[in-house]
1. Only one residue in Phe228, Phe251, Phe267, Phe286 is open to solvent by 60 Å² or more (accessible area, probe 1.4 Å), under 22 Å from the mean Cα position of the chain (by Cα) and modelled with pLDDT of 90 or more. Which one?
2. With Val183, Val215, Val159 as the choices, which residue is at pLDDT below 85 and either within 30 Å of Gln261 (Cβ to Cβ) or small (Gly, Ala, Ser) (or both)?
3. If I ask for residues that are open to solvent by 50 Å² or more (accessible area, probe 1.4 Å) and part of a strand (DSSP E or B), which ones from region 289-300 would you list?
4. Quick one: Ile148 ticks every box in (1) within 26 Å of Thr104 (Cβ to Cβ); (2) buried (at least 17 other Cβ atoms within 10 Å of the Cβ); (3) modelled with pLDDT of 90 or more except a single one, so which number is it?
Amino acid sequence: DNTTRIDVFTATSEGAFAIGSIDTRDPDFSQDGNRPDPIWAAGNNDTQIDTTSWYVQDFLKLWGDRLIGVGGVRWIRNDQANRNNNLEVGSAGHTSTSTNPTKTTIRYGGIFKPMKGVAIYGVHSTTFDINNFDAEFGPNKPPDSDGILDEIGIKFSGVNFMGGQLFASAAYFDMALTNVRQVGVDPVTGEPRVTFAAQNTSEGAEMDFGFTRKVGPGTLQTIITGTFLSVNSAAGDQPIESAEEVYSFFFSYNWDEGALQGLNIGFGGNFESDKPTRISGAAGGFFIDEAEIYTLFANYSFKEHWRVGITVNNLSDNQEIVRAAADGLAIRRRGRAVELSAGYSW
């Protein structure tokens with residue numbers, strides 16, 4: 001079997017831009033209400049992007065489809081033109097073009113099925129991401145990003161286990177991406193600015209477990225996931241807004257028969273380890289604390305067409321900071337919220 005695809009993409013983006021005027025290295029928060037508004041420049045920034053790509057993929061199946069090999073190649077051509085009309089006093093606009101050579105990305109791997117419902121796989125792939133013109137970089141287009149991924153894993157699908165159906169997977173991965181766009185601080189002015197990290201790497205494992213079983217008058221469903229990884233920049237630091245441990249769980253029970261037929265109740269949660277924020281200053285930056293968020297829900301379907309429900313999000317009312325900007329402004333998590341819903345389908 002083989003697949004051949006040609007993609008053509010063109011886009012135009014336009015927007016005004018603001019010039020900040022806050023030194024974030026040693027901000028004074030005592031006069032927050034008197035901060036000056038951003039200075040809006042009298043101009044705009046237009047970018048025209050033309051992208052063409054060709055993709056070819058082929059399969060090789062052996063041993064009654066128990067052993068499958070797959071490989072693919074993509075060729076990408078990207079041309080950009082940028083017109084920056086910055087009419088602010090003391091500034092000049094510019095027109096720039098970028099004609100990139102054709103890039104090649106590859107993907108190949110294999111799947112082995114030792115028994116029904118079990119698959120062992122491995123894959124190697126490369127990627128290419130386009131970084132567009134940015135007003136902060138003037139006539140120079142930021143460098144594009146190249147990525148690489150190696151992954152091996154095993155999957156179980158619909159395996160009979162303890163009177164129910166088991167769905168599970170486990171994988172190890174190692175990936176890297178060059179020229180990663182991020183928000184930093186200008187070392188001279190202290191103002192926020194876009195920067196590009198030389199390279200970010202992620203190495204770790206992820207796993208998930210799902211189990212469905214008939215229990216009493218209904219069906220019990222369980223899903224548990226976990227990701228454990230080491231994320232590093234070229235300097236050896238943990239990149240901003242990256243958590244190295246993430247877990248989640250979900251339990252639900254649905255009444256399939258009896259007096260409560262149509263009722264479904266569930267409970268779930270999510271955990272993230274602490275992660276760096278966008279704040280950076282004399283103290284060397286800050287970390288957002290680890291977070292535990294829980295959700296409780298119930299819904300009821302009746303008369304074939306009707307459905308009503310209630311959901312309690314953020315059950316523990318966690319309102320800690322979830323994101324912070326380079327100027328020290330922060331966004332906190334929405335507190336506990338109760339949502340009611342009703343629906344009719346036909």
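1. Exactly one of Phe228, Phe251, Phe267, Phe286 is open to solvent by 60 Å² or more (accessible area, probe 1.4 Å), under 22 Å from the mean Cα position of the chain (by Cα) and modelled with pLDDT of 90 or more, namely Phe228.
2. So the residue among Val183, Val215, Val159 that is at pLDDT below 85 and either within 30 Å of Gln261 (Cβ to Cβ) or small (Gly, Ala, Ser) (or both) is Val159.
3. Of everything in region 289-300, those that are open to solvent by 50 Å² or more (accessible area, probe 1.4 Å) and part of a strand (DSSP E or B) turn out to be Glu292, Tyr294, Leu296, Tyr300.
4. (2)
Yes/no matrix, rows are residues, columns are (1) open to solvent by 80 Å² or more (accessible area, probe 1.4 Å); (2) at pLDDT 60 or above:
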position	(1), (2)
Ile39	yes, no
Asn44	no, no
Thr47	no, yes
Asp50	no, yes
Leu62	yes, yes
Arg83	yes, yes
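The values are calculated or read from the model by the stated rules, or taken from the named source; none is laboratory data. Being a predicted model, the structure only gives us computed values, none of them experimental. Methodologically, a virtual Cβ is constructed for each residue, glycine included, from the backbone with ideal geometry; neighbour enumeration extends over all protein chains shown. Ligands, DNA and RNA are stripped out before the accessible areas are found, and what is left, the full protein with its side chains, is counted by its heavy atoms. Shrake-Rupley method; radii C 1.70, N 1.55, O 1.52, S 1.80 Å.
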